[in-house]
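The block underneath contains the structure these notes are about, expressed in structure tokens.
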């Protein structure tokens with residue numbers, strides 16, 4: 001056994017690829033996954049809940065913690081005119097999202113590490129099933145890196161499991177975001193909450 005986590009940059013486990021069928025954007029898709037990444041056996045419940053409740057993305061889109069790419073791929077299919085950025089620290093996840101986007105013919109996907117994204121870019125839409133298990137301090141640092149990069153009028157949508165601190169995270173976000181921003185709970189389903197962070201236009 002290795003001590004890999006899905007937030008390990010270079011997983012030590014064997015890169016054993018598998019092709020699975022998943023439902024994305026209302027259709028069954030064949031995608032590649034591998035060990036050493038988040039949810040390698042299919043679409044996890046939290047991401048499924050998020051994708052059920054978010055509206056069609058608009059403008060420049062960001063997926064924080066893309067894994068093998070379900071959120072990135074869905075956003076790119078729903079909004080083909082948008083630039084969709086998937087970021088992850090896990091090199092294997094980055095490669096898989098890139099390969100899956102190519103196999104689905106998605107030309108509007110950009111995948112890389114957080115450092116690879118132009119720090120001046122702003123995003124009109126952020127979708128994320130954030131990596132809660134990296135720990136509260138690291139999670140807060142991650143969210144404070146990306147959420148302030150919402151463009152005016154932009155919205156961020158996060159899905160968080162109730163028993164992993166969704167309510168306390170919502171309270172923290174209210175405290176951290178500028179006073180004229182809004183932080184609301186938009187949905188509750190299957191032990192998950194969907195939070196929306198909006199920057200005024």
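In the stretch 15-101, what % of DSSP beta bridges are antiparallel (nearest 5)?
65 percent
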Order 27-34, 135-142, 91-98 from most to least packed using the mean count of other Cβ atoms within 10 Å.
91-98, 27-34, 135-142
Extend 7 Å from the Cα of residue 141 along its Cα-to-C-beta direction; within the stretch 107-127, residues with backbone N under 16 Å of that point are 114-115
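Residue 121 to residue 103: extension gain in nm, 0.36 nm per residue of separation minus the Cα-Cα distance?
Values: separation 18, 0.36 × 18 = 6.48 nm, distance 2.67 nm.
Extra length from residue 121 to residue 103 when fully extended: 3.8 nm.
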Between residue 161 and residue 184, how high is the FRET efficiency from 1/(1 + (r/R0)^6) when r is the Cβ-Cβ distance and R₀ = 22 Å? Nearest 0.05.
0.75
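Among 122-129, 62-69, what's the highest-first ranking by average C-beta atoms within 10 angstrom per residue? Before the final figure, lay out the partial values.
Numbers: 122-129: 23.2, 62-69: 28.0.
Final packing ranking: 62-69, 122-129.
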If one compares the long axis through the Cα atoms of helix 91-103 with the longest principal axis of the Cα atoms of the chain, the angle in degrees, nearest 10, works out at 80 degrees
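Mind pulling up the Rg/Rh value for the chain? Radius of gyration and Kirkwood radius, both on Cα. Each step should come with its number before you reach the end.
Details: Rg = 15.8 Å, Rh = 16.9 Å.
Ratio of gyration radius to Kirkwood radius for the chain: 0.94.
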State, to one decimal in nm, how far the label point of residue 151 lies from the label point of residue 39, with both points 7 Å from Cα in the Cβ direction.
2.7 nm
Nearest-ten-degree value, helix 166-176 long axis tilted from longest Cα axis of the chain
50 degrees
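Rule-based calculations on the coordinates, nothing more; no lab input. All values derive from a computational prediction rather than experimental measurement. Note: ideal-geometry Cβ built from the backbone for every residue, glycine included; neighbour counts use all protein chains shown.
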